[in-house]
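The values are calculated or read from the model by the stated rules, or taken from the named source; none is laboratory data. Since the structure is predicted, the reported quantities are computational estimates derived from the model, not experimental observations. So basically every Cβ, Gly included, is an ideal-geometry build from the backbone, and we count neighbours across all protein chains shown. Surface areas here come from the heavy atoms of the whole protein model, side chains and all, with no ligands, DNA or RNA. Shrake-Rupley method; radii C 1.70, N 1.55, O 1.52, S 1.80 Å.
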Amino acid sequence: MVYLRPLDPADAALVLRDLAPGAGDGAKARALAQDLGGLPLALHLAGMYLRSTVVRRSTFAAYGEALAGGGLHLLDEPGAPTGHS
């Protein structure tokens, strides 16, 4: 079993910016990284979500707001095409 510790805020923000470079600036990435507790899996999932082309919220700030409000959904609408067969 491998135990991963939370990343420090600067490294956590870098993970988000590497995965979703168009989602916002370093300050917004750092704020979201802190909201996610620096947890590597949470950072990876958020980054992959934000780089997707079928998301409703495509910025670090919007993701953080949705996270706080409990309103994250992968697709814009139920039944929307994903591009996968």
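Each residue in the stretch 16-41 was checked for being in contact with a Ser or Thr (Cβ under 7 Å, 6 or more places away or on another chain) and over 17 Å from Ala66 (Cα atoms), and 0 of them qualify.
Going through the stretch 59-85 one residue at a time, which ones are open to solvent by less than 70 Å² (accessible area, probe 1.4 Å) and modelled with pLDDT of 90 or more? Scanning the stretch 59-85 gives Thr59, Phe60, Ala61, Ala62, Tyr63, Gly64.
Cβ-Cβ distances below 7 Å connect the following pairs, each with a first residue in the stretch 33-57 that is loosely packed, with under 15 Cβ neighbours inside 10 Å and at pLDDT 95 or above, a second residue that is not in a helix (DSSP H, G or I) and not aliphatic (A, V, I, L, M), and a separation of six or more residues or different chains: Gly37/Pro6. With a requirement of 3 or more residues that are touching a Pro at 6+ places or on another chain (Cβ under 8 Å), the helices (runs of 4 or more DSSP H) lying completely within the stretch 4-52 that satisfy it span 26-35.
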